[in-house]
Amino acid sequence: MSFGFFRNLTKPKPAPVEEREHVVAGRSLPLKIVENDRARRLTLRIDSGGRGLRITVPPGLRRGEVEKFLDRHQDWLEQRLAKVPARPQVRPGIKIPLRGVPHRIIHEPSKRGTITVSRDESGPIMVVHGDRVHLPRRIADFLKREAKREIEALVAKHTEALGKRAKAVRFKDTSSRWGSCTSDGNLSFSWRIMMAPSPVINYLVAHEVAHLKEMNHGPDFWELCEELCPDTKRCKAWLKRNGGALQAIAFE
């Protein structure tokens, strides 16, 4: 992506966004309708894990056209969503990965609300203390803390190698992308990446840090990405193949 001189003087206006619910085969899903100045037609996308829908529309398009577009694609949505696995709910007894290693969740309500990661005769476990109703949130909070600790260290490592500085590092629960880098150097990451193997976490950080120098996905960007993370191709393929399953895990 190239940036002209005058574009650098002013920040672009954020695209208008409308958010509402859309029902598909009895499921109510969050729907975002986003205007894009460069869009010439309507495009529809299902977020990873079937967590929501997104329509990109040309500016000024009447909402009636959006409704007609949704009606025409209702069968397509139903067919696609039927192939999305049901969202596994975080609860005692199931396994969730931590740095790619499945950990069985054990609930022990007698102690205060903390999390202990260890092993028993069955393998790696994640022991969650406190009230049962707060268990999913406690695990999500644990993953956020792990993400902040590990990813900030990786950002420092890769920015030093690149000779660039990140303005800020933020963590979100995004359903459409694993990370992002703004033109002014703000990096954002989905804390869910802590469920991926460590090499994939490292790849994601290297990918976004590389954008501090190359704000595109051209050959120079991928060459730089592989300099920071020689395992880029394998890790990129892993995330494309398995990312949807991680996005589908429900922490509500």
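The values are calculated or read from the model by the stated rules, or taken from the named source; none is laboratory data. Nothing here was measured: the structure is a model prediction, and the numbers come from that model. Here Cβ is always computed from backbone atoms with ideal geometry, including for glycine, and neighbour counts include all displayed protein chains. Quick note on the areas: whole protein, heavy atoms, side chains included, nothing else; ligands and nucleic acids left out. Shrake-Rupley method; radii C 1.70, N 1.55, O 1.52, S 1.80 Å.
In a shell of Cβ-Cβ distance under 15 Å around ASP131, excluding ASP131 itself, what net charge do Lys and Arg (+1) and Asp and Glu (-1) give?
+4
Mind checking which helices in the chain clear 15 Å along their axis (Cα) and have mean Kyte-Doolittle hydropathy of 0.5 or more, DSSP H runs only?
The answer, listed by residue number, is 198-210.
R0 = 30 Å: FRET efficiency of ALA250 with ASN36, Cβ-based, nearest 0.05?
Efficiency, rounded to the nearest 0.05: 0.50.
So what's Rg/Rh here for the range 38-97, counting alpha carbon atoms and using the Kirkwood radius for Rh?
That ratio is 1.15, to two decimals.
Counting only other residues whose beta carbon sits under 11 Å from that of ALA248, what net charge do I get with K and R as +1, D and E as -1?
+2
Sorted by accessible area with a 1.4 angstrom probe, largest first, how do GLU146, GLU152 fall?
Sorted descending by solvent-accessible area, the residues read GLU152, GLU146.
Which percent of the accessible area of the chain is formed by carbon and sulfur heavy atoms (probe 1.4 angstrom)?
51
Which value, in Å to one decimal place, does the Kirkwood hydrodynamic radius take for the chain when every pair of different Cα atoms is included?
The Cα-based Kirkwood calculation yields 20.4 Å.
Excluding PHE221 itself, calculate the net charge of residues whose Cβ lies under 13 Å from the Cβ of PHE221, where each Lys or Arg counts +1 and each Asp or Glu counts -1.
Net of charged neighbours comes to -4.
Could you give the dipole magnitude of the chain about its Cα centre, charging the beta-carbon of Lys and Arg +1 and that of Asp and Glu -1, in debye to the nearest 20?
Using Cβ point charges on Lys, Arg, Asp and Glu, the chain gives about 280 debye.
Just in the range 14-121: which trypsin sites (Lys or Arg not before Pro) are loop by DSSP and have at most 14 other Cβ atoms within 10 Å?
ARG38, ARG40, ARG41, ARG62, LYS83, LYS111, ARG112
Taking a label point 7 Å from the Cα of ASP173 along the Cα→Cβ vector, which residues of the range 128-154 have an amide N closer than 13 Å to it?
134-145
Quick one: work out Rg over Rh on the C-alpha atoms of the range 71-138, Rh as Kirkwood radius.
1.21
Out of VAL117, TRP238, GLY100, whose Cα points farthest toward the positive end of the dipole of the chain (charges: +1 Lys, Arg; -1 Asp, Glu; placed on Cβ)?
It is VAL117, whose Cα lies furthest towards the positive end.
Measuring with a 1.4 Å probe in the full set of protein chains, what accessible area per residue, in whole Å², belongs to the range 50-202?
54
Classify the range 113-196: rounded, prolate or oblate, from the alpha-carbon gyration tensor (a ≥ b ≥ c, eigenvalue square roots; a/c under 1.5 rounded; otherwise prolate if a/b is larger than b/c)?
Taking the square roots of the gyration eigenvalues as a ≥ b ≥ c, the range 113-196 is prolate.
Can you tell which of ASN36, ASN202, ASN186 shows the greatest fluctuation in a Gaussian network model of the chain with Cα springs below 10 Å?
Between ASN36, ASN202, ASN186, it is ASN36 that shows the largest mean-square fluctuation.
When the helices in the chain are scored as -39500 (n - 2.57) per DSSP H run of 4 or longer and the sum is shared across all residues, what 222 nm value do you end up with, to the nearest 500 deg cm²/dmol?
Calculated mean residue ellipticity at 222 nm is -11500 deg cm²/dmol.
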